[in-house]
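Undergrad: Before I ask anything, let me first share the structure, which is written out below as structure tokens.
The values are calculated or read from the model by the stated rules, or taken from the named source; none is laboratory data. Here the structure is a predicted model, which is why all the values come from computation and not from measurement. Positions of Cβ are backbone-derived with ideal geometry, glycine not excepted, and every protein chain shown enters the neighbour counts. The protein model used for the area step is the full one, side chains on, heavy atoms only, and it has no ligands, DNA or RNA in it. Shrake-Rupley method; radii C 1.70, N 1.55, O 1.52, S 1.80 Å.
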Amino acid sequence: MDAMKRARSVLGVLSLLGAFSAALAEDARPANGQPGGRGLITIDTHVDIPDAYMREPRFDVGRDSVLKVDLGKMERGGLDAAFFVIFVEQGALDAAGYTRAVAVADNKYSAIEKLVAGYPGRIRLARTPTDVRRNKADGVLSALIGIENGYSLGHDLARLDAAYARGARYLGVVHVGNNDLCGSSAPDAKRGDVPDAGLSDFGAQAVARANALGMMVDISHASDACIADVLRVARAPVIASHSSARALVAHPRNLTDAQLRGIAATGGVAQAVAYKEFVKADPGRLAAEEALQKAVATTAGDTDWDSEKHGYRDDYVRGMADIDAHSPLATLDEYVAHIRHMVSVAGIGHVGIASDFDGGGEVDGWRDASETRNVAVSLRRHGFSDAQIRALWGGNLLRTWTAVEAAASKIGHAGTASTRAPSAFIATRASSAATATATATATATATATATATAAPERTVEDIVDAVVARYHLPGIAVGVIQDGRVTNVVTRGELVAGSGRKVTPDSLFKIASNSKAMTATVLARLVQAGKLRWDDPVVKHLPGFRMQDPWVTQHILVRDLLVHNSGLPEGGGDLMLWPEPNEFTRADILAGLA
């Protein structure tokens, strides 16, 4: 019984039965032969793109390309969605450096826009979790955008708003070398970087603005001090888009157990990365790769290595094959060992998957996107259930992203943007659709604010319209009851954004955790009516109820369901109810408890 008293559960009999067993329940109907079953959405949170992306035939990902991630490889491997990264190499923190960084970033945004415009029947830009799910249902891939290195903002918060308008949905604060936001896990001693530097004032402003926009904040590549600062100041869940476990490989790019727990405490997710040297320490291989790169660059007549220029040359490819033969890559099983450790520390709800493909990432068994199915197969072989695989491969990221959007609705979009004039990056390069969206958002927010100042004269319709504008709601239904009589009914918008299905007075909305209070109230009325007692065993009223331990099954009481005495973890089982659609029945949920 002590174990029951120490553990926490969700409130309410129905909530408990519906939400307990996400990490345990399994759908026996696999999709396309891949573990994970129905409802699996595979999301890779970190894929790099070259500067010449979609501009040279070899980098046209609508065709068979030299890249590890192209549309054909995604389709063959079962990779549904990828965050394509706006990466800018760290440079000087001066006007010229910022100008160059902004230009490099703009070039990559334009390339992703060219991708989705060029292959609309195969891939679409996804700006929300709903977009990702809709694309999956339509049989279309999702292109998502992440920022790697906040240096590309050019020390101007207005560019963060512009990036959001173009589709960026996470901000990676730093890369290799300290920048104007925070310290890097790999400071550049040649530039005089301070080791383990924390978050700057500008960095704190960027985190706050990202939170207000509904953009995830990514601490991969950040110093330990910067990670601690971000976890302290963030007002929304935090992610690590591509980092593995430092307990297994003592690399400063990997996350400590304390950092994993800190990310989980925010409600965030740490995406384990399949980057060879972060998965397996092999100094000999690293030295051999560096020597090969230097030799290939010299043969090409260059002083410095350039992955885009030299990384696809025949002599480099042959050299890497020789290195593989003598110093084998980290394996998929070794990668899954990092996932297992991270899950043991942070919990099954706070770990995900990232490749870092085309940025150095690969392990034996998952060398490109065409081998994506191997990851789920390996996870199953290591004991992960279908529900857990669904959570790791995309469910946790989608839940975190949704929570970040919800936090933004509470924080508000209006208070932290730079007041500087828009830069050329915003004025000339944002797509017309994105610009229109940003303008409409600003107008709606201003309208809501103006309306609020005249509150005494507002009608119910005015208030509803202001709320819809302020919180960017896809739809709402409001009923006003006075003296037991419905006096006003106001409906706005759609049941699902873009569906065309209008909200009506008869629409049913799910109320999520509010059902806990309702369940407790109904139970209290049944007790008051003498139909059950708080100290009744649960099996007296639900004979099919089973926990893993037979003693617990017989002795858990109705009251235990309401006071966190179940022995199950907080939030355990949420993925059997959300995200949707899913086909779990009450019988499935009951079975999952055990």
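Undergrad: Which condition from (1) in contact with a Lys or Arg (Cβ under 6 Å, 6 or more places away or on another chain); (2) closer than 30 Å to GLY479 by Cα is the one that THR553 breaks?
TA: Answer for THR553: the failing condition is (2).
Undergrad: For the range 300-310: of the residues being on the phi < 0 side of the Ramachandran plot and not in a helix (DSSP H, G or I), which is modelled with the lowest pLDDT?
TA: The extreme case among them is TRP305.
Undergrad: Also, I was wondering about something else. Is it the case, given these coordinates, that SER370 is open to solvent by 30 Å² or more (accessible area, probe 1.4 Å), in a helix (DSSP H, G or I), within 26 Å of LEU568 (Cβ to Cβ) and at pLDDT 95 or above?
TA: It is false that SER370 is open to solvent by 30 Å² or more (accessible area, probe 1.4 Å), in a helix (DSSP H, G or I), within 26 Å of LEU568 (Cβ to Cβ) and at pLDDT 95 or above.
Undergrad: A further question follows. Among the numbered criteria (1) among the aromatic types (Phe, Trp, Tyr); (2) open to solvent by 20 Å² or more (accessible area, probe 1.4 Å); (3) closer than 28 Å to GLU371 by Cα, which single criterion is violated by PHE83?
TA: Here PHE83 clears every test but (2).
Undergrad: Same structure, new question: Filter the range 118-168 for residues that are over 26 Å from VAL496 (Cβ atoms), charged (D, E, K, R) and surrounded by fewer than 22 Cβ atoms within 10 Å (Cβ to Cβ) and give the result.
TA: Listed by number, the list holds a single entry, ASP156.
Undergrad: Follow-up. From the list GLY493, GLY498, pick out the single residue that is within 29 Å of the chain's Cα centre (by Cα) and either of a type outside the set (Gly, Ala, Ser) or surrounded by 13 or more Cβ atoms within 10 Å (Cβ to Cβ) (or both).
TA: GLY493
Undergrad: Still on this structure, please answer the following. Within the range 482-511, work out how many residues are under 30 Å from ARG134 (Cβ atoms) and either touching a residue at least 24 places away in the same chain (Cβ under 8 Å) or of a type in the set (Lys, Arg) (or both).
TA: Narrowing the range 482-511 to residues under 30 Å from ARG134 (Cβ atoms): 489-511.
Remaining after also requiring either touching a residue at least 24 places away in the same chain (Cβ under 8 Å) or of a type in the set (Lys, Arg) (or both): 490, 492-493, 496-498, 501-505, 507, 509-510.
Total satisfying the criteria: 14.
Undergrad: Only one of (1) open to solvent by 50 Å² or more (accessible area, probe 1.4 Å); (2) modelled with pLDDT of 85 or more; (3) of a type in the set (A, V, I, L, M, F, W, C) is not met by ALA512, so which one is it?
TA: Answer for ALA512: the failing condition is (2).
Undergrad: Write out, first by first residue and then by second, each pair whose Cβ atoms fall under 8 Å of each other, whose residues are 6+ apart or on separate chains, and whose first residue, in the range 98-115, is farther than 19 Å from VAL174 by Cβ and among the polar types (S, T, N, Q) while the second is outside any helix (DSSP H, G or I) and open to solvent by 20 Å² or more (accessible area, probe 1.4 Å).
TA: ASN107/ASP51
Undergrad: Go through the range 191-241 and report how many residues are surrounded by fewer than 24 Cβ atoms within 10 Å (Cβ to Cβ) and in a strand (DSSP E or B).
TA: The number of residues fulfilling the criteria is 0.
Undergrad: Ok, one more. Which one is farthest from VAL217 (Cα to Cα), of the residues in the range 174-190 that are outside any loop (DSSP other than H, G, I, E, B) and among the small types (Gly, Ala, Ser)?
TA: Filtering the range 174-190 for residues that are outside any loop (DSSP other than H, G, I, E, B) and among the small types (Gly, Ala, Ser), the one farthest from VAL217 (Cα to Cα) comes out as ALA189.
Undergrad: Just the residues that are open to solvent by less than 80 Å² (accessible area, probe 1.4 Å), part of a helix (DSSP H, G or I) and either more than 23 Å from ASP282 (Cα to Cα) or among the basic types (Lys, Arg) (or both), please, taken from the range 311-325.
TA: none
Undergrad: While we're here: Could you count how many residues in the range 515-539 are among the basic types (Lys, Arg), exposed (fewer than 13 other Cβ atoms within 10 Å of the Cβ) and not in a loop (DSSP other than H, G, I, E, B)?
TA: Of the residues in that region, 1 qualify.
Undergrad: Another question, if that's okay. Yes or no: GLY203 over 19 Å from ALA403 (Cβ atoms), of a type outside the set (Asp, Glu) and without any contact (Cβ under 8 Å) to a residue 24 or more places away in the chain?
TA: In short, no.
Undergrad: Before we move on, is ALA297 in a helix (DSSP H, G or I) and either free of Cβ contacts under 8 Å to residues at least 12 places away in the same chain or open to solvent by 20 Å² or more (accessible area, probe 1.4 Å) (or both)?
TA: no
Undergrad: Another question about this same structure. If you scan the range 105-151, which residues turn out to be in a helix (DSSP H, G or I), closer than 15 Å to ARG166 by Cα and not acidic (Asp, Glu)?
TA: ALA105, ASN107, LYS108, TYR109, SER110, ALA111, ILE112, LYS114, LEU115, VAL116, ALA117
Undergrad: For the range 542-567, which residues satisfy the criterion of being open to solvent by 70 Å² or more (accessible area, probe 1.4 Å) and over 15 Å from ALA524 (Cα atoms)?
TA: Listed by number, the residues that qualify are PRO543, ARG546, GLN548, ASP549, PRO550, TRP551, GLN554, HIS555, HIS564.
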